[in-house]
Each structure stands twice: as C-alpha cells, then as structure tokens.
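Below: the structure, in structure tokens.
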Amino acid sequence: MDREVRVRFAPSPTGALHIGGIRTALYNYLLARKLGGKMLLRIEDTDQNRFVPGAEEYIFEALDWLGMRIDEGVREGGPHAPYRQSERKQMYRRYIDQLLAEENAYYAFDTPEELDAMRGRLIAAKVPMQQYNAVTRMQMRNSLTLPESEVKELLHSGGPYVIRLKVPRKEEVRLNDMIRGWVMVHSSTLDDKVLLKSDGMPTYHLANVVDDHLMDITHVIRGEEWLPSAPLHVLLYRFLGWETTMPQFAHLPLLLNPDGNGKLSKRYADKYGFPVFPMNWNGVDADTGQPVLVKGFRESGYLPEAVINFLALLGWNPGTEQELFTMEELIQAFSLERVGKAGTKFDIDKAKWFNQQYLKGKPDDELSEFLLKELENREIDCSPEKAEKIVNVMKERVTFPTEFLSEAGYFFEAPVEYEQAVVQSKWTPEAAGIIAAFREVLDETGMLTAESAKATLNGVLEKHGVKIGKVLQALRLGVTGVGHGPDLMKIMEILGKDETTRRIDRALNTLKSQGV
Ligand code: GLU
C-alpha cells in the first residue's frame, strides 16, 4: 500500500530564518500539496547553546506571510506532538539504549583536552581528516577501550560522557537521492558522531532520524549542506531497524550569489543592498551573541506572491516557458524530478521583475492601501479616491509599493524646481506660447478630465498649427517638474483644474526666460 506523503520542515531556531530555508519549506510544501500529503513543522532545538529567543516566532510569521499552511506542528499540534525536540528529550533515550545494546554506539569519556590532543597528533601525522573513527577510537577513552568495570564506575560517578555512533570501519554507504541519484560514501570518511551529549540531549543526527521515523516522514527535502550527514542517517536507519521505511532523500541545490561566486551570503547581499531574509529581524547572532540587524523581503516592498514565485524557480523549472505561477499553479506543476543539482544564482533582478508583475496585477483599491499608509506616515492628506487614481496610473511603472509616493511626489506637491535638461531642450517659446493659450482655455472649461484636457489641448494645437510633440514634454514639465511619468492627461485630471492651472501659471512665470 502506498504511504501517505508526509514531509517536514525542520528548522533550528538559531536566528532569523534565511531565504534558503524558506525555499526548502516551499519545496516541501509544494510536494505535500501536490501529492495530497501532509506538511509538518518540527523545531529542532536540541542545541540549547544556540537557541535564540524570537527565532521560532520569526519562522511562524514568515510562513504565514508567504501563505504556507502547516498541517502538523508546534502551533498546530497533531498526533505526534510535541513537535519541539527539546520537549521530546525523554523519547530518544530508548533508541540510544538500543544502539548501545546492539553495539552500534558506545560511551566516550574523553575530555576536551584529550580530544584536542588527538587532533594535534593527527595533524602532526599529516592525516587529512582529524576524526574520531574506527582507527582513532581505539586510542581514546571509551567503552570500547576501557575495561567494563571502569566504564561502569565512570558512569556511576556522574561525570560527563557522550554517546557516539560506531561507524563501521570499511563499508560503502549508499543512498539514492531523488535529485542527485546514487550517492556513495565510504564509511572510513565518516566521523563517529556524537548522538547524545553530556547534557543528556540528543544531537541533531539522532533526534532528526528518530523523529523522521516516528513522524512517518516519507520525503526528506532539505538543503545540500545536509548531504554529508545523509550517510550517517542511513546508518542510523539501518541500526535502528528502520531501513524499509527510510524516507526518500532530496538534497536541494545551493543558492549562489548573483554573480555565481560562492554561496549566497548576507555579507554579499548587504554590500549590494538586497535582502536574503524573508522579514526584518532585530536579534542576536547565535554564535557570537552580537546584535544583528537583517533586512527582509517583506519590509523592502516585496509581495509574498512574488517571493514565492521567485523562490520556486530557484532550483526547480517547469520545463516550459511559463514564468508566472500562482501558488496553486506551482502545486500543480511541481515535481522533484525537475529540481536541478547545480547551484542556482540568486538573481535579485528577477525577484524585482516578479514583484513588478504581481504589483501591476493587483486591483487599485488594494494598491491604494500601500500609498495611503505611506502618506499617513508622512502626514499627507489624500482621499481614497485620489489614491486609487494615482496607483492606477503608476502601477505599470513601479517595482515596489513605496515608489507610488517616491516616484510620484508631484501628485502631492507642486514642483518648485524643474528638471534642467528638459527645460533646456523642450521649454521653447513656441511651447510656452501654446501652454499659455491652453491655460486660458482651461479657465473656460468645466471639470477637467483626461478626455477634456486632451480635447482642449488638441483644439489649441490645431488653432496654432503646432504638433503635439513640440509641446507635450514642456507641459509635463510645467505640471510635474520632471520629464517623465504616466499619461499627462490623467495626471491633470487627478490634480484637478485649479491645481493644474496654478502649476501652469507658476511654470510660465518661473521659466519665462529659460529654455531654448
Ligand atoms: N535542523 C536542521 C536545519 O536547521 C534540519 C536539517 C534537515 O532538514 O534534516 O536546517
């Protein structure tokens, strides 16, 4: 019988969740939805030293913002609760006992100094990998080398110890990754990883495998950085007798900096001024304890739909020319078979392009909310109707909602300066003459609409036998102060007749003696 597809997103709350983590969550989510399965959220917080307050909430908020609904997890609950590993501490013990009993794990009592000394010896002997393994373990203080009575005594004494995985000495460990195909690793390259730490907490490796098994996970979809751990996990599945239900692995390609050089990093992103986190974060670094400030996609003006669409295509491709996908369309189209192995460039310009596409597709009333909020922050009055008209004319021209104001300040403030290059090239005596005539006629017209403005201007041009191309830019300059922008007739409609005539008067006065 086919098993129900169950995937999990298993972040560690060690700081702001990186955008790569969001992509991992997304691919899990898409697969679960596509195959009618379940998506779990498990918090992997067994490393208490690296726990950062607020990091968990950050994860929830980011998933909510991006519209990824979790079926079972810390907040949602579910049949396998608790979903926070620190709360599952007691559950891991019996698996450790099983591994010990079957001699697939052992106690190790080495002090940090003894471990350092071992590393030192290996470095001196030019051994490339300084590992605790089938060879070195025999020179260390553990339950494989010490007499049984001494081991018992040490355990009774309550002194610190860890439990390590006993990696077989000479064996090929194989796993069939859904993205990479067969991955073969020789066990001599693997470390006898610690499974249980001296504080009684399991390490990532043990807790991850035990939980994936207990939670009936069918697919482990995670970043490439976990590939080196996968053979250890395969060994654990085998030792625990769970090989037949071992999940399928899919290790996602790395995200690279936009120039293709190196792994996508915050440092690079900061330098070029783009975000690599879903939301702003004002927290501390788990390793250094130093305050960190990260910039988010959300606060930088990206829409959740755009972020999802952008991330979906960072590693996966639909095999068609289609670029714009709603979440529903992604769910339909997604498959792990179409995820590549090669690292993917984090092309931030593409992210901007997606944002633009989604922004212009939004209804005016929704977009006007952005503008109204921005205006409110600056204590500028504006009616909802006017805001809707402004976003309607601007939406084809902006990438981020903040640009509704930054690119179109002239809707709220009459120009005090005029773009000099345009003054020089377009403010001709002829243009100024037509503009003056236009302004006179405006006085006699009723309400100003884009159509009436156009008709009036055309009437004046015809009367004087002048082509519109000789005047339009100058008129735009007079009304907005700049030489570019959306349809000028619509701008004049939004400004209204009184404001438009006031601005034209001012331009005629100010620019009288300038121009060509
Ligand atoms: N806790 C690991 C992380 O922080 C999860 C890795 C995995 O998915 O197995 O990414």
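The values are calculated or read from the model by the stated rules, or taken from the named source; none is laboratory data. The model shown is predicted, which means the values in this text are computed figures rather than measured ones. Neighbour counts run over all protein chains shown; Cβ positions are idealised from the backbone, glycine included. Remember, those area values only see protein heavy atoms, side chains included, never the ligands or the DNA or RNA. Shrake-Rupley method; radii C 1.70, N 1.55, O 1.52, S 1.80 Å.
Among the residues of the stretch 403-450, write down those that are among the polar types (S, T, N, Q) and closer than 21 Å to Ile494 by Cβ.
Once the filter is applied, which keeps residues that are among the polar types (S, T, N, Q) and closer than 21 Å to Ile494 by Cβ, the stretch 403-450 yields Ser406, Thr445, Thr449.
For the stretch 32-60, which positions are buried (at least 20 other Cβ atoms within 10 Å of the Cβ) and away from the ligand (no atom under 14 Å from the Cβ)?
Ala32, Arg33, Lys38
Could you list all residues from the stretch 14-23 that are within 10 Å of the ligand (Cβ to nearest atom) and crowded, with 23+ Cβ neighbours inside 10 Å?
The one that is within 10 Å of the ligand (Cβ to nearest atom) and crowded, with 23+ Cβ neighbours inside 10 Å: Leu17.
Could you give every pair whose Cβ atoms fall below 6 Å, whose first residue belongs to the stretch 273-289 and is farther than 12 Å from Thr14 by Cβ, and whose second residue is open to solvent by 50 Å² or more (accessible area, probe 1.4 Å), counting only separations of at least 6 or pairs across chains?
Pairs that qualify, where the first residue is farther than 12 Å from Thr14 by Cβ and the partner is open to solvent by 50 Å² or more (accessible area, probe 1.4 Å), are Pro275/Lys295; Val276/Lys266; Met279/Arg298; Asn280/Glu299; Asn282/Leu293.
Within the stretch 354-374, track down each residue that is over 14 Å from Leu303 (Cα atoms) and among the polar types (S, T, N, Q).
The answer is Ser368, and nothing else.
Go through (1) assigned to a loop (DSSP other than H, G, I, E, B); (2) of a type outside the set (Val, Ile, Thr); (3) in contact with a Leu (Cβ under 8 Å, 6 or more places away or on another chain); (4) farther than 30 Å from Pro291 by Cα and name the single condition Leu30 misses.
(1)
List, please: which pairs have Cβ atoms under 7 Å, are six or more places apart or on different chains, and start with a residue in the stretch 168-191 that is on the phi > 0 side of the Ramachandran plot and end with one that is surrounded by 11 or more Cβ atoms within 10 Å (Cβ to Cβ)?
none
Restricting attention to the stretch 461-483, which residues are among the small types (Gly, Ala, Ser) and open to solvent by 10 Å² or more (accessible area, probe 1.4 Å)?
Listed by number, the residues that qualify are Gly465, Gly469, Gly483.
How many of the residues in the stretch 228-275 are open to solvent by 40 Å² or more (accessible area, probe 1.4 Å) and within 15 Å of the ligand (Cβ to nearest atom)?
Final tally of qualifying residues: 5.
Which residues, counting only those in the stretch 184-205, are within 13 Å of the ligand (Cβ to nearest atom) and of a type in the set (Val, Ile, Thr)?
Selection gives Thr203 alone.
Regarding the stretch 101-110, can at least one residue be identified that is crowded, with 17+ Cβ neighbours inside 10 Å and more than 15 Å from Lys193 (Cβ to Cβ)?
Looking through the stretch 101-110, at least one residue is crowded, with 17+ Cβ neighbours inside 10 Å and more than 15 Å from Lys193 (Cβ to Cβ).
Go through (1) in contact with a helix residue (DSSP H, G or I) (Cβ under 8 Å, 6 or more places away or on another chain); (2) within 11 Å of the ligand (Cβ to nearest atom); (3) in a helix (DSSP H, G or I) for Arg8 and report which single condition fails.
Only one criterion is unmet by Arg8, namely (3).
Please note which strands (runs of 3 or more DSSP E) are completely contained in the stretch 230-323 and include at least 3 residues that are closer than 27 Å to Val52 by Cα.
Strands (runs of 3 or more DSSP E) meeting the threshold: 281-284, 291-294.
Restricting attention to the stretch 492-502, and to residues there that are touching a residue at least 12 places away in the same chain (Cβ under 8 Å) and either within 20 Å of Ala387 (Cβ to Cβ) or in contact with a strand residue (DSSP E or B) (Cβ under 9 Å, 6 or more places away or on another chain) (or both), which single residue is surrounded by the fewest Cβ atoms within 10 Å (Cβ to Cβ)?
So, considering only residues that are touching a residue at least 12 places away in the same chain (Cβ under 8 Å) and either within 20 Å of Ala387 (Cβ to Cβ) or in contact with a strand residue (DSSP E or B) (Cβ under 9 Å, 6 or more places away or on another chain) (or both), the one surrounded by the fewest Cβ atoms within 10 Å (Cβ to Cβ) is Gly496.
Within the stretch 206-218, can one find any residue that is modelled with pLDDT of 95 or more, away from the ligand (no atom under 16 Å from the Cβ) and assigned to a loop (DSSP other than H, G, I, E, B)?
no
Could you please tell me which pairs satisfy a Cβ distance under 9 Å, a separation of 6+ or placement on different chains, a first residue in the stretch 218-237 that is closer than 19 Å to Asp192 by Cβ, and a second residue that is open to solvent by 10 Å² or more (accessible area, probe 1.4 Å) and within 12 Å of the ligand (Cβ to nearest atom)?
Between residues of the stretch 218-237 that are closer than 19 Å to Asp192 by Cβ and residues that are open to solvent by 10 Å² or more (accessible area, probe 1.4 Å) and within 12 Å of the ligand (Cβ to nearest atom), the close pairs are Ser229/Tyr204; Ser229/His205; Leu232/His205; His233/His205; His233/Trp226; Leu236/His205.
Find all pairs meeting these conditions: Cβ atoms under 8 angstrom apart; at least six residues apart or on different chains; first residue within the stretch 5-27 and within 15 Å of Phe51 (Cβ to Cβ); second residue within 9 Å of the ligand (Cβ to nearest atom) and among the hydroxyl-bearing types (Ser, Thr, Tyr).
These pairs meet every condition: Ser12/Tyr204.
Only one residue in Leu508, Leu475 is part of a helix (DSSP H, G or I), within 14 Å of Pro415 (Cβ to Cβ) and in contact (Cβ under 8 Å) with a residue 60 or more places away in the chain, so which one is that? Before you say what the answer is, go through the steps one by one.
On the way: Leu475 fails: in contact (Cβ under 8 Å) with a residue 60 or more places away in the chain.
Of the residues listed, the single one that is part of a helix (DSSP H, G or I), within 14 Å of Pro415 (Cβ to Cβ) and in contact (Cβ under 8 Å) with a residue 60 or more places away in the chain is Leu508.
If you go through the stretch 411-464 one residue at a time, how many are among the acidic types (Asp, Glu), over 27 Å from Ile390 (Cα atoms) and in contact (Cβ under 8 Å) with a residue 40 or more places away in the chain? Quick ask: steps written out before the conclusion?
Residues of the stretch 411-464 that are among the acidic types (Asp, Glu), as a first pass: 413, 417, 419, 430, 440, 443-444, 451, 462.
When the remaining residues are screened for being over 27 Å from Ile390 (Cα atoms), the result is 430, 462.
Next, from what is left, pick out any that are in contact (Cβ under 8 Å) with a residue 40 or more places away in the chain: 430.
The number of residues fulfilling the criteria is 1.
Select, from Glu419, Glu403, the only residue that is modelled with pLDDT of 95 or more, charged (D, E, K, R) and within 35 Å of the chain's Cα centre (by Cα).
One residue alone meets the criteria, Glu403.
Go through the stretch 61-87 residue by residue and tally those that are closer than 11 Å to Met215 by Cβ, open to solvent by 20 Å² or more (accessible area, probe 1.4 Å) and among the small types (Gly, Ala, Ser).
2
Can you say whether Asp199 is among the acidic types (Asp, Glu), surrounded by fewer than 19 Cβ atoms within 10 Å (Cβ to Cβ), modelled with pLDDT under 95 and in contact with a helix residue (DSSP H, G or I) (Cβ under 8 Å, 6 or more places away or on another chain), as far as the supplied structure shows? Show your work before the answer.
Working: among the acidic types (Asp, Glu): yes; surrounded by fewer than 19 Cβ atoms within 10 Å (Cβ to Cβ): yes; modelled with pLDDT under 95: yes; in contact with a helix residue (DSSP H, G or I) (Cβ under 8 Å, 6 or more places away or on another chain): yes.
So Asp199 fits the description; yes.
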